[in-house]
1. Straight distance only, please: which lysines reach the Cα of Lys195 with their own Cα at less than 21 Å, same-chain residues fewer than 8 apart left out?
2. Say R0 is 45 Å: what FRET efficiency, to the nearest 0.05, do Arg113 and Ala225 get from their beta-carbon distance?
3. Rank these residues by their accessible area, most exposed first, probe 1.4 Å: Glu163, Glu193.
4. Which of the peptides 62-74, 177-189 is most tightly packed, and how do the rest follow, judged by the mean count of other Cβ atoms within 10 Å per residue?
5. Extending each Cα 7 Å along its Cβ direction at Ser43 and Asp191, get the distance between those two points in nm, one decimal.
6. Which FRET efficiency, nearest 0.05, do Thr155 and Ala69 yield, Cβ-Cβ r, R0 30 Å?
Amino acid sequence: MTALSLIIGTGMLAAGHGDAQEATCGDGPVKILPDDTLSRIASRCDVSEGALLAANPSIDGSGDLQVGATLRLRTAAGQGLADRLNHIGREANDAVGRIAGQVGASAQDLLDRNPDLKGRLERLGRRIGLGDGAEAPSLTLSPDHGPSGSTVTLTATGLPKDEPLLVGVGTPNTAFQVLQSARTSGKGTLDVEVKVPERQGDTRLVFVLRDGDAVKLTSKPFRIAP
């Protein structure tokens, strides 16, 4: 694996459901609220989801939204083709990771079994100037179910070496809340323990690792069970 490795990408989680339901839109950036989605923000601010994605090339979907961060509502002047090409490249490899998870394999295994796809994605990575790496990033969690307050171990490989990351949690396909910060090892790995937060009415959560566009990893769902 070469250029693709970098394509893929302590605060308590508030109960959130009773927080303010509105955030000022106007023409400037809008603050992301707990449980926000692109659809909710688009409706609240009278813009299209496509416009939000175009104005925020690091966002691929609602799962990339970070509670408390801001989104641009309109494309900034000078935001050019390079941003969009990088976004497309990262989208492509992120899709590989999602497909691999669905078939029970790692992204690296999937690419090794499909050398033509691997070659095309590597050439795309070199074209848009992304760095080389040893393996495709992956994230696993253990255990995959348990009660609120229990401890989950997140294990990731194929990450940028010795880099800070944000560790977050949220319901699938909604904005995530940052739990804590972490740093990858000199080998590009990460092992971190996090607490399963209390969430009213939620039975599934996903844990995420984020570092801008460099790292965008989402775990398989964790099932909250007594």
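1. Hits, sequence-local ones excluded: Lys216, Lys220.
2. It comes out at approximately 0.85.
3. Ranked from most to least accessible, the order is Glu193, Glu163.
4. 62-74, 177-189
5. In this crude spin-label approximation the distance works out to 4.4 nm.
6. 0.70
The values are calculated or read from the model by the stated rules, or taken from the named source; none is laboratory data. Bear in mind that the values here come from a model prediction, so they are computed numbers and not experimental data. Glycine gets a Cβ as well: all are built from the backbone with ideal geometry, and neighbour counts include every protein chain shown. Ligands, DNA and RNA are stripped out before the accessible areas are found, and what is left, the full protein with its side chains, is counted by its heavy atoms. Shrake-Rupley method; radii C 1.70, N 1.55, O 1.52, S 1.80 Å.
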